[in-house]
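Reviewing the structure listed below.
Read-outs throughout are calculated quantities, based only on the coordinates presented, and are distinct from any laboratory measurement. Note that the coordinates shown come from a computational prediction; the quantities given were computed from them, not determined experimentally. Every residue, glycine as well, gets a Cβ built from its backbone with ideal geometry; the counts of neighbours run over all protein chains shown.
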Amino acid sequence: MGATVAAPAIAAQDRASRGLWHDAARRLLRNGPALLGLGLVTLFVAAAVLAPVIAPYDPIAGALADRLKPPSPEHWMGTDLQGRDEFTRILYGAQVSLQVGVVSVFLALVMGGTLGAIAGAAGGKLDATLMRVTDVLLSIPGILLAIGIVAWLGRGLPQIMLAVAVTNAPIFARILRGSLLSLRTADYVVAARSIGATGPRVLLRHMLPNALTPLIVAATLALATAIIDVAGLGFLGLGPPDPRTAEWGTMLTDSTKFLRQAPHLLFFPGIMIVLTAIGFNLLGDGLRESLDPRLKR
Amino acid sequence: MARYIVRRLLMAIPVLFGLSVVLFAFVHLLPGDPARSILGQHATAASLARLRESLGLDRPLHEQYFLYISDLLQGDLGSSLVNGRPVLQEFMLRFPATIELTLVALLFAVGLGIPLGRLAARHAQRWQDGLVTIISLLGISIPIFVLGLTLQFFFSVGLGWTPVSGRIDPRLGIDAVTNFMLVDTLLAGEPEAFVDAVLHLILPGIALGSIPLAIITRITRAAVLDVANEDYVRTARAKGLTERRVDNRHIMRNAWLPVTTVVGLQVGGLLAGAVITESVFAWNGVGRWVVDAIRTRDYFVIQSSILIFALVFLTVNLIVDILYAYLNPRIRYS
């Protein structure tokens with residue numbers, strides 16, 4: 001008897017959830033700006049992943065005779081001070097940005113998600129305490145917090161990832177807590193509780209899946225700021241400790257000494273950062289609209 | 001209203017406490033031996049001992065914390081490890097430069113963002129709206145340092161319209177009185193120097209203001225559209241009021257609320273952005289000082305600047321919240 005009752009219920013749930021994502025994907029694919037964003041993001045990921053295959057030169061060893069050359073058929077984006085091919089370094093730079101961006105946003109999701117889930121599910125004093133913790137972190141202006149963390153832990157890619165993650169985590173925590181709080185009195189949550197579902201089960205099976213959409217959108221948008229922040233840290237001299245590493249922000253700092261002779265060293269890394277950020281921003285906005293069509297005007 | 005202000009002030013106490021713990025840990029819990037980390041590998045035994053003594057590093061942690069707090073409350077933020085000058089004094093010398101830059105950026109962002117947002121809302125879904133959407137997308141997607149360097153390349157290096165960097169032509173020899181360059185040049189009675197100071201402010205102001213500009217534009221557009229569909233707006237139109245009157249008296253009155261809040265919230269971003277903008281334009285403010293402090297590992301300077309920036313940010317947020325409650329009685333009584 002139990003099985004016959006449970007089976008249609010599960011089937012119905014499956015169909016409903018497939019419906020949400022299916023509909024969202026269809027809306028996303030009809031949204032022009034979002035598609036452009038998706039295209040830019042795909043290009044960025046492809047550049048990062050395929051860098052070792054498509055890069056025409058070595059990213060670290062250059063020929064000093066070729067230094068500061070303007071763009072040419074041999075060097076599409078010119079060469080830098082050490083005579084390294086700028087296009088090659090842009091591709092490898094995408095690798096660093098992608099890696100640091102994805103890892104730091106993922107870390108932020110884990111940290112912020114855990115905090116937010118506990119606060120939103122527990123409520124009361126624990127919630128208040130955790131929210132004061134996020135207040136403290138949010139009171140320190142973004143990049144300054146990241147600077148502080150890198151200064152504290154020392155330079156290095158893992159430190160940069162952690163620093164960018166900590167600046168994003170309180171924002172994610174707030175978002176998740178907010179949506180969980182609004183779900184606490186939802187009919188299906190009350191129903192689940194009334195048939196005797198335990199606290200963690202209600203949270204994990206019923207509330208979290210419905211609270212995730214704002215978090216997905218925020219994480220996509222955070223990838224844009226994470227990539228900008230990483231480049232910003234690099235620009236301030238807090239990038240990867242090995243100065244030979246191709247990192248977009250560090251490459252920009254190097255360009256400032258040669259603005260007159262070699263403006264291409266400013267433009268190409270600059271354009272890449274901007275295009276990547278535009279990509280994630282458009283994709284994030286598109287996801288928001290397609291996951292919650294009521295928001296679209 | 002008074003009760004709301006008191007409640008809001010009480011809410012700031014745990015945050016201030018948490019902030020002090022974090023900043024205390026920043027120096028006193030430096031990985032490894034804090035004194036050695038701060039002074040570097042070549043420090044002498046005597047200087048290490050002196051620093052341990054002044055920070056109280058040989059005492060239990062809670063005593064160290066109380067020492068830090070009591071110094072803090074007396075306005076003693078420590079001294080720079082590089083030049084030995086008191087951090088607070090150095091900070092006060094540079095802060096006016098940062099305030100000046102931030103205010104110009106905010107003026108640019110508000111002065112352009114609100115009209116752009118209103119324009120986009122009035123012509124929603126038409127080409128003006130699309131153009132404004134693109135501008136605000138670019139605003140949030142172009143990092144300050146990319147925009148700053150690009151502006152520098154075109155307008156300073158290329159066209160020579162504006163100075164490349166700095167706050168004023170050093171040859172003009174302006175005396176520092178308030179350290180607000182615009183004020184000091186006027187006090188000196190030299191209009192030419194004032195113009196020079198204004199020219200120096202343009203590019204950094206635009207670079208720093210670009211992100212708030214994008215956000216303020218978006219929020220204004222959304223706020224105006226939100227209100228424009230309300231019944232009382234339709235009623236106002238129906239009774240034959242001019243479009244201009246409806247706009248000013250019925251729509252904007254109510255759209256100001258979210259816009260005011262968002263403008264206030266930009267201050268944190270502006271302070272963070274100042275760190276980068278000042279580095280691009282060799283602007284002698286607090287932001288550049290922090291970046292220099294990182295290079296020289298001047299921990300007390302980093303610690304105190306984070307503290308003061310956070311205090312400024314919290315104070316502005318407090319003012320925004322109170323202003324918001326004043327404008328919107330629903331918040332006050334909830």
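Which whole number gives the average count of other chain Cβ atoms within 10 Å of the Cβ atoms across peptide B:146-153? The partial results should precede the final answer.
Values: counts 16, 2, 2, 10, 7, 0, 3, 8.
Neighbouring Cβ atoms belonging to other protein chains average 6 per residue here.
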### Query
With labels modelled as points extended 7 Å from the Cα through the Cβ direction, what inter-label distance (nm, one decimal) is found for A:Ile195 paired with A:Gln261?
7.4
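Give the order of A:Ser182, B:Ser70, B:Ser305 when sorted by the count of other beta carbons within 10 angstrom, beginning with the fewest. Could the numbers behind the result be given before it?
Values: A:Ser182 13, B:Ser70 10, B:Ser305 28.
Fewest to most other Cβ atoms nearby, the residues stand as B:Ser70, A:Ser182, B:Ser305.
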### Message
Between B:Leu318 and B:Val177, how high is the FRET efficiency from 1/(1 + (r/R0)^6) when r is the Cβ-Cβ distance and R₀ = 30 Å? Nearest 0.05.
### Response
0.50
### Task
Would you calculate the volume per residue, in Å³, of the smallest convex hull containing every Cα atom of segment B:171-304?
159
### Message
Please list 3J(HN,Hα) in residue order for segment B:195-200, calculated via the Karplus relation 6.51 cos²θ - 1.76 cosθ + 1.60 where θ = phi - 60°; whole Hz, with x for glycine and proline.
### Response
4, 4, 5, 5, 4, 5
### Task
Once you have a ≥ b ≥ c as the square roots of the Cα gyration tensor eigenvalues for chain B, tell me rounded if a/c is under 1.5, and otherwise prolate or oblate according to whether a/b is larger than b/c.
oblate
### Query
Rounded if a/c is under 1.5, else prolate if a/b is larger than b/c, else oblate: which is the protein assembly as shown, with a ≥ b ≥ c the root eigenvalues of its Cα gyration tensor?
rounded
### Query
Rounded to the nearest 0.05, what FRET efficiency is calculated for B:Tyr326 and B:Ala238 with R0 set to 30 Å and r the Cβ-Cβ distance?
0.45
### FRET efficiency, A:Ala65 to B:Asp292 (Cβ-Cβ, R0 41 Å, nearest 0.05)
0.70
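Where does chain A land at 222 nm, in deg cm²/dmol rounded to the nearest 500, when only DSSP H runs of n ≥ 4 count, each adding -39500 (n - 2.57), divided by all residues? Walk me through the numbers before you get to the answer.
Numbers: 10 runs with 215 residues, N = 297.
Mean residue ellipticity, 222 nm, calculated: -25000 deg cm²/dmol.
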### Query
Can you tell me the Rg and the Dmax, both Å, for the Cα atoms in segment A:57-208?
23.3, 77
### Message
Based only on other Cβ atoms within 10 Å, what is the fewest-to-most ordering of B:Asp298, B:Asp292, A:Asp127?
### Response
B:Asp292, A:Asp127, B:Asp298
#### Entry: Cut-off under 5 Å, modelled amide H: who pairs with A:Thr79 long-range
A:Leu68, A:Lys69, A:Glu86
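Please identify the DSSP H helices in chain A that span no less than 30 Å along the helix axis (Cα) and have a mean Kyte-Doolittle hydropathy of 1.6 or more.
Helices meeting the criterion: A:32-54, A:208-235.
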#### Entry: Phi-based couplings in Hz for segment B:186-192 (Karplus 6.51, -1.76, 1.60; Gly and Pro marked x)
5, 4, 6, x, 10, x, 4
## Note on the structure
Low-density loop trypsin sites (Lys or Arg not before Pro), segment B:65-152, at most 11 other Cβ within 10 Å, DSSP non-H/G/I/E/B, are B:Arg126
### Task
Take the alpha-carbon centre of segment B:220-268, take the same for segment A:18-94, and report the distance between them in whole Å.
43
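Kirkwood hydrodynamic radius, computed over distinct alpha-carbon pairs, for segment B:124-197: how many Å, to one decimal? Walk me through the intermediate numbers first.
On the way: mean 1/r = 0.0661 Å⁻¹.
The answer is 15.1 Å.
How do B:Val227, A:Val190 line up, fewest other C-beta atoms within 10 Å first?
Working: B:Val227 20, A:Val190 11.
The most exposed by this proxy come first: A:Val190, B:Val227.
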### Query
Once the Cα gyration tensor of chain A is diagonalised, what are the square roots of 5 times its eigenvalues, in whole Å and ordered largest first, as equivalent ellipsoid semi-axes?
44, 23, 14
#### Entry: Cα convex hull volume per residue for segment A:144-234 (Å³)
101
